[in-house]
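First the structure, in the form of structure tokens, and then the observations on it.
The values are calculated or read from the model by the stated rules, or taken from the named source; none is laboratory data. Note that the structure is a prediction, hence the values are computed from the model and not measured. All Cβ positions, glycine included, derive from the backbone under ideal geometry; neighbour counts span all protein chains shown. When the accessible area is computed, the model is the full protein with side chains, heavy atoms only, and any ligands, DNA or RNA have been set aside. Shrake-Rupley method; radii C 1.70, N 1.55, O 1.52, S 1.80 Å.
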Amino acid sequence: MTRRKSLLVVNVALTSSEHDYDQRVRFLDRTFRLVRVGADGNVRRAERLVREWSAQADAIAVSGVRDARVRGMLDGDNQSVERIKQAAVDVPVTDGHRLRDVLAEWAVRHVQVEMPGYFDNARAVVLGDANHDSAVRILRDFTDNITFADPLLRMDLPARLAENPLLGAAVDTALLPLRLLPGIVRSRVNLPGLRIGQAMTKRAARDSDVVVATYHELVGFGLEELAGKTLISSAVSDERLGDLAARGVDMVLDIVPQPFRQTVVAAALEAMMLALVDSGELTNDDLLDMIDAAGLEPRLLYPHGFKRKSRFAFVIHPLSQEFFRKVEPLATIMDHSPDVLVDAAEKAMAYAPPFTYSHITGIVSPTGAEAEGWLITVGGTPKELMAHSPEFTYAKLLDAAEIARKLGAQVMGLGAFTKVVGDAGVTVAKKAPLPITTGNSYSASGALWAAHEAVNQLGLLEVDDKGRIKGKAMVVGATGAIGSVCARLLALSSDDLVLVSPETAKLLALKHDIEQQHPRATVHVAATPDDHLGDMDVIVTATSGAGKRVLDIMAVKPGCVITDVARPLDLSKEDVAKRPDVLVVESGEIQLPGEVKMRDIGLPHGVAYACLAETVVLALEGRYETFTVGRNIEWEKVKEIYRLGLKHGMRLATISGVNGVFTSDDIARIRELALEARSAAAVS
């Protein structure tokens with residue numbers, strides 16, 4: 001049998017004939033003549049074209065039925081494709097369904113492998129009908145946030161009708177008059193229910209992360225504004241990619257590989273494969289072998305250059321009754337209410353369901369990565385959270401996690417006392433539908449970062465060109481999870497270190513470890529801090545004293561910088577007030593990168609608490625994982641989150657104490673009082 005020089009494959013398309021072509025291409029070491037003929041929505045013409053080409057073609061592809069219907073061109077229904085295929089005589093014919101299903105699943109999984117977590121909890125809108133079944137089925141492995149434009153699919157009606165044949169027959173009968181209308185007329189029928197459905201779809205698309213649609217479906221629904229979204233589509237030409245760029249699309253996932261200069265549909269590729277098998281039928285092995293041999297891969301297209309936007313949520317709660325006086329409509333009520341009513345409101349708010357307080361946008365890393373997020377508040381103040389069992393707070397946090405999931409968040413952080421209650425996030429992380437972090441790793445490094453900056457601003461200690469302070473530092477509670485991390489951090493910036501803990505064996509082991517890592521450091525150990533307080537320039541308290549007296553603040557050196565990283569705090573407001581010549585740091589806040597927009601959280605514009613910043617850093621890095629939970633903080637994670645923060649443009653913004661952010665005037669006043677106290681001590 002003589003092998004023909006080239007094979008003829010014809011794609012009969014129900015869409016416009018203005019995109020017809022007749023080209024020669026190479027595919028799997030064979031030359032093909034690839035012809036496209038459009039039927040302009042005319043089913044009879046498509047049937048005639050199939051019959052006419054049957055005598056010459058080695059395989060025929062039939063495509064474009066749904067796109068023609070979307071454009072109002074089709075004078076038949078989705079079943080028309082079967083009638084058109086049946087017009088073929090002694091030639092294999094396909095609509096590309098098998099190949100398209102494989103490619104759709106592969107494309108989605110390919111992205112999820114290349115960019116782990118990309119589709120996790122993504123809010124997806126599906127235009128069109130069952131032609132996207134494969135993509136939707138795979139998306140469901142990663143997200144439940146899927147909305148359908150088709151109201152029947154939105155209500156899962158096809159499955160319900162399949163379960164009840166009698167009901168299905170009744171629906172078919174009711175829809176018969178509409179089906180008998182010519183396609184171009186039927187496409188313009190504007191029923192109230194359809195108008196409502198389109199409005200719902202446009203609203204869902206506006207809030208979505210992913211749109212699943214052919215190009216014609218996208219145009220048909222009039223979705224012009226697609227800024228920041230991912231489009232899962234097929235057969236995207238350069239011209240269409242330019243239009244999608246103008247609509248603001250970030251990434252296009254083209255499920256159909258394009259091995260030729262001419263854009264082809266999945267049906268044409270499958271027909272070419274059919275032409276290569278003698279049996280006229282493709283087995284699964286044939287399909288896989290040819291995909292592999294041809295090097296076919298999904299296309300990831302970035303109209304504006306590579307860009308990735310991640311999504312996060314962060315749980316906050318009122319820190320005191322003052323919060324209620326700042327949030328309407330509570331503020332109006334509270335301003336004119338007696339204390340007993342305010343106390344009652346505080347108790348009642350602890351039982352209120354979580355709600356979204358703020359949408360955060362505009363976070364852009366120097367790497368180009370972007371993030372958006374939501375602040376979700378639970379109503380309990382620290383007083384109320386501590387008054388209830390841990391299970392009470394766990395339930396609130398899991399409700400917040402469910403809100404976060406529906407919003408599309410890929411990771412959620414716990415703020416303030418929500419990360420202290422019970423087992424510090426362990427139970428919530430096990431039960432939540434998305435990864436959880438307490439932010440404590442970045443909180444620890446942020447607090448020490450703030451302490452170092454406070455030393456610089458006070459100007460009472462000499463700091464060398466490598467940032468090491470020439471003074472003495474102490475860590476109280478050094479053998480604890482946070483304390484040991486702080487000790488290692490301080491050893492990076494101070495060569496004279498005192499470690500305090502009653503756990504003798506652990507203390508000696510920590511001392512040895514730090515000396516091994518930092519040979520230049522002189523490390524002392526003590527069971528209590530009292531004998532050393534007057535000599536210390538920097539003190540970190542990291543105990544679990546929970547209200548017990550940790551140190552005598554009256555014995556501290558004037559101008560000392562104390563960083564209190566314990567939660568609850570080791571030093572009360574009353575203690576701090578006794579020493580206006582000492583700078584007590586509670587935390588270091590982080591300036592988020594970009595033009596950040598979010599509601600007031602009691603900090604300067606674009607500034608976030610370090611625990612919130614940790615959540616943002618994880619999102620920007622694409623690390624959708626449970627990072628910091630429990631009471632143990634890993635030294636390696638503290639270093640890693642600090643490094644990642646710098647990579648993504650995080651910088652120390654403010655230094656806060658028990659009374660809020662320190663201003664330059666506050667620090668100048670502390671410096672002045674410290675110098676006066678030192679002068680007085682020197683004279684006496």
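Looking at the range 570-608, which of the residues that are among the hydrophobic types (A, V, I, L, M, F, W, C) and in a loop (DSSP other than H, G, I, E, B) is surrounded by the fewest Cβ atoms within 10 Å (Cβ to Cβ)?
Across the range 570-608, the extreme among qualifying residues is I601.
If you check A653 against the conditions, is it open to solvent by 10 Å² or more (accessible area, probe 1.4 Å) and either more than 25 Å from the chain's Cα centre (by Cα) or acidic (D, E) (or both)?
no
Taking the condition of being closer than 22 Å to R98 by Cα and part of a helix (DSSP H, G or I), how many residues in the range 37-63 meet it?
Summing the residues that are closer than 22 Å to R98 by Cα and part of a helix (DSSP H, G or I) in the range 37-63 gives 4.
Can you tell me how many residues in the range 246-271 are more than 21 Å from D285 (Cβ to Cβ), out of contact with any helix residue (DSSP H, G or I) (no Cβ under 7 Å at 6 or more places or on another chain) and not in a strand (DSSP E or B)?
Counting residues in the range 246-271 that are more than 21 Å from D285 (Cβ to Cβ), out of contact with any helix residue (DSSP H, G or I) (no Cβ under 7 Å at 6 or more places or on another chain) and not in a strand (DSSP E or B) gives 13.
Taking D58 as the residue in question, decide whether it is open to solvent by 20 Å² or more (accessible area, probe 1.4 Å), closer than 15 Å to V277 by Cα, touching a residue at least 60 places away in the same chain (Cβ under 8 Å) and in contact with a Phe, Trp or Tyr (Cβ under 9 Å, 6 or more places away or on another chain).
When the stated conditions are applied, D58 passes them.
Which condition number does L646 fail, the rest of (1) under 14 Å from S365 (Cα atoms); (2) assigned to a loop (DSSP other than H, G, I, E, B) being met?
(2)
Is at least one residue of the range 518-526 at pLDDT 95 or above and exposed (fewer than 15 other Cβ atoms within 10 Å of the Cβ)?
Yes.
Sort out which residues of the range 108-141 are of a type outside the set (A, V, I, L, M, F, W, C), modelled with pLDDT under 95 and closer than 13 Å to L231 by Cα, and write them in order of number.
The one that is of a type outside the set (A, V, I, L, M, F, W, C), modelled with pLDDT under 95 and closer than 13 Å to L231 by Cα: H132.
What about A68, is it at negative phi and at pLDDT 85 or above?
no
When you scan the range 612-622, do you find a residue that is over 26 Å from V538 (Cα atoms) and open to solvent by 30 Å² or more (accessible area, probe 1.4 Å), even just one?
Within the range 612-622, one or more residues are over 26 Å from V538 (Cα atoms) and open to solvent by 30 Å² or more (accessible area, probe 1.4 Å).
Name the single residue that is nearest to the chain's Cα centre (by Cα) among those in the range 287-318 being within 30 Å of L414 (Cα to Cα) and open to solvent by 50 Å² or more (accessible area, probe 1.4 Å).
Ranking the candidates gives K309 first.
When the residues of the range 661-675 are narrowed to those that are open to solvent by 30 Å² or more (accessible area, probe 1.4 Å) and in contact (Cβ under 8 Å) with a residue 12 or more places away in the chain, which ends up farthest from the chain's Cα centre (by Cα)?
L675
Examine the range 479-498 for a residue that is in contact with a Pro (Cβ under 9 Å, 6 or more places away or on another chain) and at pLDDT below 95, and state whether such a residue exists.
There is at least one residue in the range 479-498 that is in contact with a Pro (Cβ under 9 Å, 6 or more places away or on another chain) and at pLDDT below 95.
Scan (1) without any contact (Cβ under 8 Å) to a residue 24 or more places away in the chain; (2) of a type outside the set (V, I, T); (3) in contact with a Gly (Cβ under 6 Å, 6 or more places away or on another chain) for the single condition R311 breaks and write down its number.
Answer for R311: the failing condition is (1).
Looking at the range 85-101, which of the residues that are in a helix (DSSP H, G or I) and not charged (D, E, K, R) is surrounded by the fewest Cβ atoms within 10 Å (Cβ to Cβ)?
Q86
Report yes if L34 is part of a helix (DSSP H, G or I) and under 20 Å from E270 (Cα atoms), otherwise no.
no
Find the residue count for the range 409-437, including only residues that are surrounded by fewer than 24 Cβ atoms within 10 Å (Cβ to Cβ) and at positive phi.
3
Inside the range 102-124, can you point out the residues that are outside any loop (DSSP other than H, G, I, E, B), open to solvent by 20 Å² or more (accessible area, probe 1.4 Å), in contact (Cβ under 8 Å) with a residue 40 or more places away in the chain and not β-branched (V, I, T)?
W106, H110, E114
Return only the number of the condition from (1) β-branched (V, I, T); (2) open to solvent by less than 30 Å² (accessible area, probe 1.4 Å); (3) at pLDDT 95 or above that T31 does not satisfy.
Single failed check for T31: (2).
Name every residue in the range 236-263 that is touching a His at 6+ places or on another chain (Cβ under 8 Å) and buried (at least 19 other Cβ atoms within 10 Å of the Cβ), in order of residue number.
Hit for the range 236-263 is D250, nothing else.
Mind telling me which of the residues V252, V212 ends up being aliphatic (A, V, I, L, M) and touching a Gly at 6+ places or on another chain (Cβ under 9 Å)?
Sole residue among the options that is aliphatic (A, V, I, L, M) and touching a Gly at 6+ places or on another chain (Cβ under 9 Å): V212.
From the list I601, I641, exactly one residue is touching a Ser or Thr at 6+ places or on another chain (Cβ under 9 Å), closer than 14 Å to S443 by Cβ and in contact (Cβ under 8 Å) with a residue 60 or more places away in the chain. Which is it?
Going through I601, I641 in turn, the sole match is I641.
So, of the residues in the range 536-556 that are within 15 Å of V498 (Cα to Cα) and modelled with pLDDT of 90 or more, which turns out to be surrounded by the fewest Cβ atoms within 10 Å (Cβ to Cβ)?
Selected residue: D537.
Kindly provide the set of residues from the range 438-479 that are part of a strand (DSSP E or B), open to solvent by less than 40 Å² (accessible area, probe 1.4 Å) and hydrophobic (A, V, I, L, M, F, W, C), ordered by number.
Residues satisfying the conditions are I469, A473, M474, V475, V476.
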